[in-house]
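The values are calculated or read from the model by the stated rules, or taken from the named source; none is laboratory data. Please read these numbers as outputs of a predicted model, since none were measured by experiment. Cβ: placed from backbone, ideal geometry, glycine included. Neighbour counts: every protein chain shown. Only protein heavy atoms, including side chains, enter the accessible area calculation; ligands, DNA and RNA are left aside. Shrake-Rupley method; radii C 1.70, N 1.55, O 1.52, S 1.80 Å.
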Amino acid sequence: MRAASYYRISFAALLVIVPVSVAAQGKAIDYERARQLLPERVDSLVYHSEAEPNWIGETDRFWYLSHTREGDIFVLVDPAKDEQRPAFDHERLSAALSRAADTTYRAGSLPFQRIELVDSLRSVKFVVHDSAWSCALDTYICQRSAETPARSPTEVRSPDGRWVAFLREHNLWIRSVSDGEEIRLSSDGQSSFEYRAGLVNPVEMVRSGTEAVPLRPAAVWSPDSKRLISWRFDLRSAGLLTLVQSVPRHGYRPLAFTFPYALPGDVGIAQATPVIFEVPTRRAVPIVTAPLDQLYYGGPRFEWASDGSTAWFTYTERGLASIELRAVDPSTGATRTMVRESVKPRVDTWSHDQAVIDDGREVVWTSDRDGWNHLYLYDGRSGTLVNQITRGAWAVRKIVGVDEKERVVYFTAGGRESGEDPYLRHLYRVRLDGRDLRLLTPESADHSVWLSPSRKYVVDTYSRVDLPPVSVLRQASDGSVIRELESADVKSLLSAGWTEPETFKAKARDGKTDIYGVIWRPSNFDPKHRYPVIEQIYTGPHSFHVPKSFQARGNRTWPGEELVRPIAELGFVVVMVDGLGTDGRSSEFRDFSYKNLGDGGIPDHIAALRQLAERYPYLDLTRVGIFGHSAGGYDSMHAMLTHPEFYKVAVSTSGNHDARMDKASWVETWMGFPVGKQYAEQSNLDMAGQLEGKVLLMHGDLDENVHPSSTLRLADALMKADKDFDLLIVPNGHHGIDNIPYVVRRRWDYFVQNLLDVKPPHTNVTVR
């Protein structure tokens, strides 16, 4: 009401000649309201928003950090005793640490956010400015510790602490911690064919100022420290990309960083050849397998059984026609298949999950072979299916844990509870034979859950976009609530102008399929005004993208409310929709996008917006804008090219505008392998001549995920087609430029200028 009064007073003269819907939008005061609802500000205005547990050793006791009006407080919980209290006296500890460090600290803003409770909770350890500290909680005497707070990133310590593995001259070495003796385990390493852990992200190169980043060795120790799994990484034929840092921190000569990066269809890719080294005998035991393809940063993943008798890894066929969980005999290197999955049109490794139990004797495995992602139990020794654990028209989302003794698996799933948004996660438990399925979190909300080490307790934080979070401690057996841990305090957020968004359900293009979304309105919303509509879009099939939980502090998802909420304050109604081709529903729903990323579910989005406009006449569908980042950058541009009659203005950041130029690891999953004609048919470059509206393209010049040449090639195609567009290259910008203050402000300005037809304010309006 106060904001509305301000408009009536401040712009009274303008109202005579300018429509109210324009005069009250896109002004400096609107920018200020938007600034107040940016993530940094929102996070500081929400208290008691979560209780993420940090388990103490193998016990069920845990601590968490609570953000209160008095400051950040470490809280200790003992589920068995039903006790909850401060982990220590924060006033005494801050005073003791201030004396010991010869500085001043406040109890509510201690200089650390992680602790380790030791000596039966009688001492607390933490790290301040790279120095390790320990405080006795009986005397509150704090001392610097001789311990190294962080182990070297170039060494891997054995479980028994006796050895560290490291790289030297491309080979794998180990060093005795006690006497410094060094032993070379391999001798065949060479440049670009060495025992490195994996592919280095060029962000690390830029941070270090050199391509020669110190490398972590390929080393996965067995539990008894007698063996380690390693691999020799072959980069000799791998395709390379180069990023140029035009604005280096020092000097005026641009720096170049070249690195392996697999493009779709590449034949030359990075590959790892695994081997087991026996420490006592120094013997090398090659693992019998074809080389492991590495299509993105990082390296292979191996796990050991608790007794060291076996190990396992996942082998993925190029093009994802199949994946296999394979066991390794460490004494011979022989492998056998524990589980093999092969479904049409390809295996979706993004939604797949697995749990190896009883040291590999059994495997809980997810598959959507019956049309929905469900749990299956396999005999890990013979590779045979024992039974399907869950079934029905709903989707398992994640295996949370397995109680081997009780033979119960805990998992999250969506879509099983009737009458609610099918994307909301609930926690369930079921016996491995499929009997006794129980819902443990009945509240109609999205549940983030943590299972205690003993599998007796669950910490559950639940919320919706329109429901602030509540954290509770539950019994894992039946889901009953033992105690409430935290309940969000949002009074300050409401005072700052935050209003709850509206969730909605609409019909897809077929008029039958339910699709779901969220609407954000400005806090000074007036239904008598006509509002332009802006859609935030991201249609990557690896997930769904409309936020489902309350978007503050630890619950924020990407991309989410932190981008759309402030934009609404400028005078828009902002919408997000999950259409056909995204994850979280049936495989049929998701596989609509296979070899069809160009569709993006955009016709479903348009259908939903038209249904909303019938429901809400204040939505002006003659003025529709769209923006997105990464795959959403592609989507927003593609929407402009394929539906110019509907979308008029777009802001595209870091877009992968041609799938042939993007990472093979992601693209081949959804567009197929080898590269086919669909790649060109759905390229924004190949249809650049169809542009009719206004477009702002933004890209970081050091984008490690989607190379900046993707946007520059689009710019070239637009220029050749004689199309007007706006372009911003962000110096020193990596992939996540969408939250950079300047980028945020330019996005705001572009929509204000081109959808509201208002000149953006030139006052000193900042976004921080």
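Do you know the relative contact order of the stretch 551-694, to the nearest whole percent, from alpha carbon pairs under 8 angstrom that are 6+ apart? Write down the numbers at each step before the final one.
Working: 176 pairs, mean separation 28.1, N = 144.
Computed value for the stretch 551-694: 19 percent relative contact order.
For the stretch 521-528, backbone phi angles converted through the Karplus equation (6.51, -1.76, 1.60; θ = phi - 60°) give residue-by-residue couplings of 10, x, 5, 9, 4, 10, x, 7 Hz, Gly and Pro being listed as x. You can think of it this way: the chain between Glu211 and Glu83 has 40.9 nm of extra reach, that is 0.36 nm per residue less the Cα-Cα gap. Rolled with a 1.4 Å probe across the full set of protein chains, the surface gives Met205 an accessible area near 10 Å².
Of the residues Gln551, Val533, Gln611, the one whose Cα sits farthest towards the positive end of the charge dipole of the chain is Val533 (charges of +1 on Lys and Arg Cβ, -1 on Asp and Glu Cβ, taken about the Cα centre).
Please report Rg over Rh for the stretch 239-291, where both radii come from the alpha carbon positions and Rh follows the Kirkwood definition. Show your work: numbers first, answer last.
Values: Rg = 19.3 Å, Rh = 15.0 Å.
Rg/Rh for the stretch 239-291 comes to 1.28.
Relative contact order of the chain: 11 percent, from C-alpha pairs under 8 Å at least 6 residues apart in sequence. Between the residues Gly360, Leu385, Val46, the greatest Cα displacement towards the positive end of the dipole of the chain, with unit charges on the Cβ of Lys, Arg, Asp and Glu, is found for Val46. Convex hull volume of the C-alpha atoms in the stretch 66-198, normalised per residue: 183 Å³. Of Leu696, Gly198, Gln753, whose Cα points farthest to the positive end of the dipole of the chain (charges on the beta-carbon: +1 Lys, Arg; -1 Asp, Glu; origin at the Cα centre)? It is Gln753. How would you classify the stretch 631-768 from its alpha-carbon gyration tensor, with a ≥ b ≥ c the square roots of the eigenvalues: rounded for a/c under 1.5, else prolate if a/b is greater than b/c, otherwise oblate? Oblate, since a/c reaches 1.5 and b/c is not below a/b.
Any chance you could run the full-extension gain for Glu91 through Arg184? It's 0.36 nm times the residue separation minus the Cα-Cα distance, nm to one decimal.
Stretched fully, the Glu91-Arg184 segment lengthens by 28.3 nm.
If R₀ is 25 angstrom, what is the calculated FRET efficiency for the pair Glu588 and Gln678, using the beta carbon separation as r and rounding to 0.05?
Working: r = 19 Å, r/R0 = 0.77.
Using R0 = 25 Å, I get an efficiency of 0.85.
Taking a point 7 Å out from the Cα of Ser454 in the direction of its Cβ, the residues of the stretch 395-421 whose backbone N falls within less than 16 Å of it are 403-406. When only the Cβ of Lys, Arg, Asp and Glu is charged (+1, +1, -1, -1), the dipole of the chain relative to its Cα centre reaches about 660 debye.
Full extension of the chain between Lys344 and Gln113 gives 78.5 nm of extra length, using 0.36 nm per residue less the Cα-Cα distance. Calculated FRET efficiency, Asp686 to Leu727, Cβ-Cβ distance, R0 = 25 Å: about 0.85 to the nearest 0.05.
Using the Karplus relation 6.51 cos²θ - 1.76 cosθ + 1.60 with θ = phi - 60°, the per-residue 3J(HN,Hα) values for the stretch 720-735 come to 5, 8, 6, 9, 7, 7, 10, 9, 10, 9, 8, x, 6, x, 7, 5 Hz, with x marking Gly and Pro.
Normalized C-alpha radius of gyration of the stretch 159-246, against 2.2 N^0.38 Å?
Values: Rg = 15.1 Å, N = 88, 2.2 N^0.38 = 12.1 Å.
Normalised Rg, Cα atoms only: 1.25.
Binning the alpha carbon pair distances of the chain at 10 angstrom intervals from zero yields the distribution 2, 12, 19, 25, 24, 13, 4, 1, 0, 0, expressed in whole percent. For the stretch 330-339, backbone phi angles converted through the Karplus equation (6.51, -1.76, 1.60; θ = phi - 60°) give residue-by-residue couplings of x, 7, 10, x, 5, 10, 9, 8, 8, 8 Hz, Gly and Pro being listed as x.
Counting only alpha carbon atoms, the long axis of helix 602-615 and the longest principal axis of the chain meet at about 50°. Partner lysines whose Cα lies under 21 Å from the Cα of Lys723, excluding those fewer than 8 positions away in the same chain, are identified as Lys648, Lys694. Spin-label model, Ser131/Glu40: points 7 Å from Cα along the beta carbon direction are separated by 2.8 nm.
How much FRET efficiency would the formula 1/(1 + (r/R0)^6) give for Asp716 and Leu241, where r is the Cβ-Cβ distance and R0 is 30 Å, rounded to 0.05?
Efficiency computed from Cβ-Cβ geometry: 0.95.
For Lys81, the lysines whose Cα comes closer than 17 Å to its Cα, not counting residues fewer than 8 places off in the same chain, are Lys456.
A crude spin-label estimate for the pair Thr139 and Thr68, with each label 7 Å from Cα along the Cβ direction, gives 2.8 nm. Our summary of shape: the Cα atoms of the stretch 423-555 have principal axis extents of 56, 43, 23 Å, ordered from largest down, in whole angstrom.
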